[in-house]
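*Asks:* Dropping a structure here in structure tokens format, bear with me for questions.
The values are calculated or read from the model by the stated rules, or taken from the named source; none is laboratory data. This one's a predicted model, so the numbers in the text were calculated from it and none came from an experiment. Neighbour counts are summed over all protein chains in view; Cβ atoms, including those assigned to glycine, are modelled from backbone coordinates with ideal geometry.
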């Protein structure tokens, strides 16, 4: 059975926001005098900025990071192929949703693309963060989505785990090639949106 419904992560999946996020993180680390010699890009992809703050920083760190990232994130761009992909899903009778850890500024960033989504879940909805499946199961129940026709699309393990925890298919966008061994056991793994084919994802 072909996938009809797509639940999308926002940062690093629909929109290429990670370069600015990484810059903001590095500046906040310097501000707080934190010594970290690991690969930050790898850490935030494998885990999250929130986990970095919990593991290495003070409670004030995450607030300072969000303030700076909001100031620096002035030219938010979606991946070029995304509008056509979203439109194709809708034109084929499917639905798009967003589940983002970002706040309601997500709507501003989406702009005209907002009309291609049936619902957008942000941190302001106060549902449990991924990999907890609460936001996904909320959408599945509210829109009576068939799990065999529904997929979670994201760029990090927590997105894939959320989809698996919700009992739906999973699609991993691994632009940096970090997870190509597919230890996460996503149903589909790909590195560029030019290679994304809706027909490849089957129930």
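*Asks:* Considering only segment 36-50, how many residues are surrounded by 14 or more Cβ atoms within 10 Å (Cβ to Cβ) and assigned to a loop (DSSP other than H, G, I, E, B)?
*Replies:* Total meeting the criteria: 3.
*Asks:* Next question, about the same structure. Determine, yes or no, whether residue 96 is touching a helix residue (DSSP H, G or I) at 6+ places or on another chain (Cβ under 8 Å), outside any loop (DSSP other than H, G, I, E, B) and assigned by TED's automatic domain parsing to the domain that holds residue 163.
*Replies:* yes
*Asks:* Please go through segment 136-156 and give me each residue that is in a helix (DSSP H, G or I) and within 18 Å of the chain's Cα centre (by Cα), ordered by number.
*Replies:* Within segment 136-156, 136, 137, 138, 139, 140 meet the criteria.
*Asks:* Within segment 78-91, can one find any residue that is under 24 Å from residue 172 (Cβ atoms), free of Cβ contacts under 8 Å to residues at least 60 places away in the same chain and out of contact with any helix residue (DSSP H, G or I) (no Cβ under 7 Å at 6 or more places or on another chain)?
*Replies:* For segment 78-91, residues under 24 Å from residue 172 (Cβ atoms), free of Cβ contacts under 8 Å to residues at least 60 places away in the same chain and out of contact with any helix residue (DSSP H, G or I) (no Cβ under 7 Å at 6 or more places or on another chain): present.
*Asks:* Give the residue, chosen from 105, 46, that is within 16 Å of the chain's Cα centre (by Cα) and not assigned by TED's automatic domain parsing to the domain that holds residue 191.
*Replies:* 46
*Asks:* Quick one: residue 196 ticks every box in (1) within 17 Å of residue 78 (Cα to Cα); (2) under 14 Å from the mean Cα position of the chain (by Cα); (3) surrounded by 18 or more Cβ atoms within 10 Å (Cβ to Cβ); (4) in contact (Cβ under 8 Å) with a residue 24 or more places away in the chain bar one, so which box is it?
*Replies:* Only one criterion in (1) within 17 Å of residue 78 (Cα to Cα); (2) under 14 Å from the mean Cα position of the chain (by Cα); (3) surrounded by 18 or more Cβ atoms within 10 Å (Cβ to Cβ); (4) in contact (Cβ under 8 Å) with a residue 24 or more places away in the chain is unmet by residue 196, namely (2).
*Asks:* Another question, then. Would you pick out the residues in segment 122-145 that are in contact with a strand residue (DSSP E or B) (Cβ under 8 Å, 6 or more places away or on another chain), free of Cβ contacts under 8 Å to residues at least 40 places away in the same chain and farther than 22 Å from residue 103 by Cβ?
*Replies:* 140
*Asks:* Scan segment 172-189 residue by residue and report those that are outside any loop (DSSP other than H, G, I, E, B) and free of Cβ contacts under 8 Å to residues at least 60 places away in the same chain.
*Replies:* 172, 188, 189
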